[in-house]
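Asks: Attaching a single structure in structure tokens format; questions to follow.
The values are calculated or read from the model by the stated rules, or taken from the named source; none is laboratory data. Not measured: the values here are computed from a predicted model. Positions of Cβ are generated from backbone atoms using ideal geometry, with glycine treated the same way; all protein chains shown enter the neighbour counts.
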Amino acid sequence: MRNFDYHNPTKVVFGKGTISRLKNLVPPQGKIMLVTGGDSIRKNGVHAQVMESLKKRDVVEFSGIKPNPEYDTLMEAVDMVKREDPAFLLAVGGGSIMDGTKFIAAASKYTAGDPWEICSKLAKVLEALPLGVVVTLPATGSETNNIGVVSRKSERKKIVFHADKLFPQFAVMDPEVTFSLPDNQVRNGIVDAFIHVLEQYLTYPVDAPLQDRQAEAVLLTLLEVGPKTLRQKDDYDARASFMWCANQALNGLLKCGVPTDFATHRIGHELTVQYGLAHAEAIAVVLCCLLRRQKEDKQEKLLQFAQRVWNLDTTSPDLAINQAIAETECFFNGLGMPTRLTDYGIDVKEASEYAKAGLERDQAKLGERGLIGPAEAVEIIRASA
Ligand code: NZQ
Ligand code: ZN
């Protein structure tokens with residue numbers, strides 16, 4: 001096992017009715033700035049629950065952050081921070097809102113230059129406004145990690161940044177608020193969480209059996225509760241397990257002491273920037289093509305995945321690996337998630353050229369061994385026809 005640091009300071013408040021506890025979770029003094037997206041939280045009553053709990057507080061709101069949060073919109077929120085001087089930011093929404101709030105928290109205090117540098121140069125975030133979150137969509141794990149992803153259409157970029165100052169102070173996770181999610185968002189969440197685990201698990205062995213089994217536990221639970229929670233959205237226990245799985249998939253625990261991949265994510269971001277695919281849609285297209293291309297590099301872990309997650313006979317390793325990848329694709333398709341770029345009417349040749357340009361610009365060498373560069377990304381995307 002490799003050396004690692006593990007630190008997760010976010011307090012999780014999980015379960016029914018927990019939004020009412022916000023009043024005791026936010027700091028006792030100062031203005032609170034809610035950061036929100038579209039109408040969903042007004043329609044499902046989450047906004048009203050938040051306002052009820054904070055009724056004795058001075059609250060202002062910045063709303064209108066869209067999926068794949070856009071830099072220009074977030075900078076409007078930074079202007080609002082400068083006008084209103086809140087003591088605390090409260091994100092209410094899915095990954096886009098939580099990530100956007102992390103950027104606002106950092107950019108509001110960034111004095112070294114243009115705030116875009118937080119993404120473009122991964123500039124150090126030395127100071128940030130404190131933040132908390134109310135999660136409405138289980139998927140990204142953003143509620144208890146220090147990561148954010150921001151897009152800038154004018155530059156055709158979608159960039160990941162991270163900083164310890166950006167861990168939320170608390171994450172309120174009430175599974176009931178997710179009952180209003182449309183099926184495609186539930187499907188996206190299951191697939192995103194599943195792929196987060198695979199990006200930290202399907203690499204090469206470093207004798208870390210606990211991390212392997214923790215990853216397998218999340219995968220097996222998602223296989224069990226994913227289809228169930230999609231079929232029956234008001235099954236509280238299935239939704240609660242799904243929500244906790246999505247959290248555990250990217251809260252920093254699974255990557256302790258092991259190599260990670262994340263090439264699927266990096267290439268997927270190029271597809272989102274170019275074609276507007278939802279995050280999970282984009283990575284679902286990349287994953288299986290990448291695994292097929294990298295199956296020799298990932299052989300040992302793929303075999304373990306075949307045996308322990310898919311319960312396959314591994315006497316013939318190549319067959320078992322092919323089957324495990326096919327099962328994974330089948331699982332996604334069964335949730336209603338397409339896995340081919342052509343399912344979206346996208347030309348794979350064109351898409352591969354865009355991805356190549358994006359990776360060349362960053363001189364990217366991706367994957368657990370740094371073996372996936374622009375040329376390999378082209379092969380991966382072309383295989384998604
Ligand atoms: O706009 P509103 O009305 O809020 O509707 C949202 C949005 O349209 C809707 N929604 C959210 N909660 C709902 C709901 N609708 C009904 N009922 C509810 N309870 O869902 C739509 C999608 O929301 P979004 O926040 O975009 O989804 P998600 O949570 O999947 O976040 C995706 C973003 O997170 C980034 C992605 O790249 C993408 O930008 N990621 C962040 C990560 C992180 N911080 O660690 C890791 C991930 O790999 C990912 O990259
Ligand atoms: Zn993801």
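Asks: Collect the residues in segment 317-344 that are part of a loop (DSSP other than H, G, I, E, B) and touching a Cys at 6+ places or on another chain (Cβ under 7 Å), keeping them in residue-number order.
Replies: 339, the sole residue that qualifies.
Asks: Among the residues of segment 172-181, are any within 11 Å of ligand 1 (Cβ to nearest atom), modelled with pLDDT of 95 or more and under 30 Å from residue 126 (Cα atoms)? If you could, list the steps in order and put the result at the bottom.
Replies: Taking segment 172-181 first, the residues within 11 Å of ligand 1 (Cβ to nearest atom) are 174-181.
Imposing the further condition that a residue be modelled with pLDDT of 95 or more reduces the set to 174-181.
From what's left, under 30 Å from residue 126 (Cα atoms): none.
No, segment 172-181 contains no residue that is within 11 Å of ligand 1 (Cβ to nearest atom), modelled with pLDDT of 95 or more and under 30 Å from residue 126 (Cα atoms).
Asks: Continuing with this model, one more query. So, residue 209, is that one over 30 Å from residue 363 (Cβ atoms) and away from ligand 2 (no atom under 15 Å from the Cβ) or not?
Replies: yes
Asks: Let me ask something else. Filter segment 263-315 down to the residues that are in contact with a strand residue (DSSP E or B) (Cβ under 8 Å, 6 or more places away or on another chain), within 14 Å of ligand 1 (Cβ to nearest atom) and of a type in the set (S, T, N, Q) and list them by number.
Replies: 272 - this is the single residue of segment 263-315 that is in contact with a strand residue (DSSP E or B) (Cβ under 8 Å, 6 or more places away or on another chain), within 14 Å of ligand 1 (Cβ to nearest atom) and of a type in the set (S, T, N, Q).
Asks: I would also like to ask the following. Working only within segment 55-71, note down all residues that are touching a helix residue (DSSP H, G or I) at 6+ places or on another chain (Cβ under 6 Å), of a type in the set (A, V, I, L, M) and more than 13 Å from residue 94 (Cα to Cα).
Replies: 60
Asks: Considering each residue of segment 157-196, count those that are within 18 Å of the chain's Cα centre (by Cα) and either within 16 Å of ligand 2 (Cβ to nearest atom) or assigned to a helix (DSSP H, G or I) (or both), and give that number.
Replies: The qualifying residues number 23.
Asks: Tell me yes or no: at least one residue of segment 237-255 is over 28 Å from residue 176 (Cβ atoms), surrounded by fewer than 24 Cβ atoms within 10 Å (Cβ to Cβ), touching a residue at least 12 places away in the same chain (Cβ under 8 Å) and in the same structural domain as residue 377 (by TED's automatic domain parsing).
Replies: Scanning segment 237-255 turns up at least one residue that is over 28 Å from residue 176 (Cβ atoms), surrounded by fewer than 24 Cβ atoms within 10 Å (Cβ to Cβ), touching a residue at least 12 places away in the same chain (Cβ under 8 Å) and in the same structural domain as residue 377 (by TED's automatic domain parsing).
Asks: Has segment 58-65 got at least one residue that is within 13 Å of ligand 1 (Cβ to nearest atom), closer than 19 Å to residue 143 by Cβ and of a type in the set (Val, Ile, Thr)?
Replies: Within segment 58-65, one or more residues are within 13 Å of ligand 1 (Cβ to nearest atom), closer than 19 Å to residue 143 by Cβ and of a type in the set (Val, Ile, Thr).
Here is a yes/no grid of residues against (1) surrounded by fewer than 17 Cβ atoms within 10 Å (Cβ to Cβ); (2) free of Cβ contacts under 8 Å to residues at least 24 places away in the same chain; (3) of a type in the set (Ser, Thr, Tyr):
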position	(1), (2), (3)
117	yes, yes, no
120	yes, no, yes
128	no, no, no
139	no, no, no
153	yes, no, no
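Asks: Would you be able to say whether some residue in segment 310-328 is in contact (Cβ under 8 Å) with a residue 24 or more places away in the chain, on the phi > 0 side of the Ramachandran plot and assigned by TED's automatic domain parsing to the domain that holds residue 281?
Replies: no
Asks: Same structure, new question: I'm checking my understanding of the structure. Among residues of segment 112-156 that are charged (D, E, K, R), modelled with pLDDT of 95 or more and not in a loop (DSSP other than H, G, I, E, B), which one is farthest from ligand 1 (Cβ to nearest atom)?
Replies: 117
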